[in-house]
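Scroll down for the structure; my scribbles are underneath it.
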Ligand SMILES: Cc1ncc(COP(=O)(O)O)c(C=O)c1O
């Protein structure tokens, strides 16, 4: 497949044909996969890239002078270039491979935050965050004496630039905010938030775990200092993530782990470290995962992130329209604002796990519970939701099957 130009029209049937799991049945029904917020299905080119490395190369990178090692190194380095291009990272060394978005936020909290923050400094975040972008900051605050503060949420969990401006102070050192909520799909105005934070001298970390897989992202345009995301939510494999960081910030940051590959020279009692990204990638990395992530980037770029975002936007609109008509449903999240393809709801008093089980019986995979966002659940005054999250391969028919199956839930639970 060409990586340079997006397909001209959105060929949903062809896209679906790329994902082997989409032709499978679950509990005797064709699978409807609506748990993309948790992880995405993998297309053949990604599976093939990972298998090809394991089967035909298998060698370690950056170490051997023999052909197999050189081949592995070339593919690994190419994957980094693809990821950098995908997010518009302007200079070399700014895309660090991690094992997940969670590892990436932790690297910033402890590698940057422990040095940059002290008692009385402030970390600004929101109650909308996934725990991966909250707990590292709680722990950093505990360790440094900094204070964790929260932007006031608007109706349905909206974060406005005005609310961020009101919460910023001269002591704010970092604004750590989601690019897209994993509960409602709400997308805060990141560019404006970055401008406000920078005016106050604070750095900005965006949790891009949902954003990067569903929308075109350019770190230079967003003007963010750090961006954390996971490969598995963007059609890549599990066990690989990315931390983008501005070069100057990465250069001043301590690694979380120490060992081989990150060094220039080692003496008995000290060592000289390499610059980013190698300084943060000690030990043998997830080579097959990184190479497959590169294939995922190629795959998404060939379809086009704009086209994917548009498809999901249309599907969301259709889903909200259909779900609005379901008796007894409560839908969460703001309307009339920029949102990714995620719907969270409850059906009367039926427990979310019961709803999920009935849907599962119909071959429909959704996520139920608190979605690693307990403070936001508390803000909404609920214990959890049923979440249907869409991706590039979902169809109106999937939404219709969901709505039909919710009728079964009402039959079973009254
Ligand atoms: C918004 C958000 N941030 C962070 C994460 C954590 O990603 P990972 O588990 O891949 O580290 C998730 C995962 O669901 C998420 O949805």
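Some observations on this one:
- Hits in the range 184-193 (condition: more than 14 Å from the ligand (Cβ to nearest atom) and either surrounded by fewer than 24 Cβ atoms within 10 Å (Cβ to Cβ) or within 24 Å of residue 41 (Cβ to Cβ) (or both)): 189, 191, 192
- Residue 245 being surrounded by 24 or more Cβ atoms within 10 Å (Cβ to Cβ), closer than 15 Å to residue 97 by Cα, touching a residue at least 60 places away in the same chain (Cβ under 8 Å) and within 11 Å of the ligand (Cβ to nearest atom): no
- Residue 139 being in a helix (DSSP H, G or I) and either within 16 Å of the ligand (Cβ to nearest atom) or under 20 Å from residue 177 (Cβ atoms) (or both): yes
- Listed here are the helices (runs of 4 or more DSSP H) enclosed by the range 267-372 that have at least 3 residues being touching a residue at least 24 places away in the same chain (Cβ under 8 Å) and on the phi > 0 side of the Ramachandran plot, and there are none.
- Lone unmet requirement of (1) crowded, with 17+ Cβ neighbours inside 10 Å; (2) within 27 Å of residue 81 (Cβ to Cβ) for residue 331: (2)
Results for (1) surrounded by 17 or more Cβ atoms within 10 Å (Cβ to Cβ); (2) farther than 30 Å from residue 151 by Cα; (3) more than 15 Å from the chain's Cα centre (by Cα); (4) away from the ligand (no atom under 16 Å from the Cβ), shown as yes or no for each residue.
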position	(1), (2), (3), (4)
195	no, no, yes, yes
221	no, no, yes, yes
254	no, no, yes, yes
270	no, yes, yes, yes
286	yes, yes, yes, no
292	yes, yes, yes, no
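- A single entry from 169, 160 fulfils the requirement of being away from the ligand (no atom under 16 Å from the Cβ) and crowded, with 17+ Cβ neighbours inside 10 Å: 160.
- Taken over the range 374-397, the criterion of being in contact (Cβ under 8 Å) with a residue 40 or more places away in the chain and in contact with a helix residue (DSSP H, G or I) (Cβ under 8 Å, 6 or more places away or on another chain) is satisfied by 374, 385, 386, 388, 390, 391, 392, 393, 394, 395, 396.
- Of the helices (runs of 4 or more DSSP H) entirely within the range 29-129, those holding at least 3 residues that are touching a strand residue (DSSP E or B) at 6+ places or on another chain (Cβ under 8 Å) and in the same structural domain as residue 220 (by TED's automatic domain parsing) occupy 67-87, 101-107.
Yes/no matrix, rows are residues, columns are (1) in contact with a strand residue (DSSP E or B) (Cβ under 8 Å, 6 or more places away or on another chain); (2) away from the ligand (no atom under 16 Å from the Cβ); (3) under 19 Å from residue 37 (Cβ atoms):
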{"site": "330", "(1), (2), (3)": "yes, yes, yes"}
{"site": "350", "(1), (2), (3)": "no, yes, no"}
{"site": "354", "(1), (2), (3)": "no, yes, no"}
{"site": "358", "(1), (2), (3)": "no, yes, no"}
{"site": "366", "(1), (2), (3)": "yes, no, yes"}
{"site": "381", "(1), (2), (3)": "no, yes, no"}
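- Hey, residue 217 within 16 Å of the ligand (Cβ to nearest atom) and out of contact with any strand residue (DSSP E or B) (no Cβ under 7 Å at 6 or more places or on another chain) or not: yes
- Selected residue [within 27 Å of residue 22 (Cβ to Cβ) and surrounded by 17 or more Cβ atoms within 10 Å (Cβ to Cβ)] from 321, 363, 325: 363
- Residue that is closer than 19 Å to residue 132 by Cα, more than 16 Å from the ligand (Cβ to nearest atom) and at pLDDT 95 or above, where the choices are 88, 111: 111
The values are calculated or read from the model by the stated rules, or taken from the named source; none is laboratory data. Small disclaimer: the values here were computed from a predicted structure and weren't measured. Neighbour counts are summed over all protein chains in view; Cβ atoms, including those assigned to glycine, are modelled from backbone coordinates with ideal geometry.
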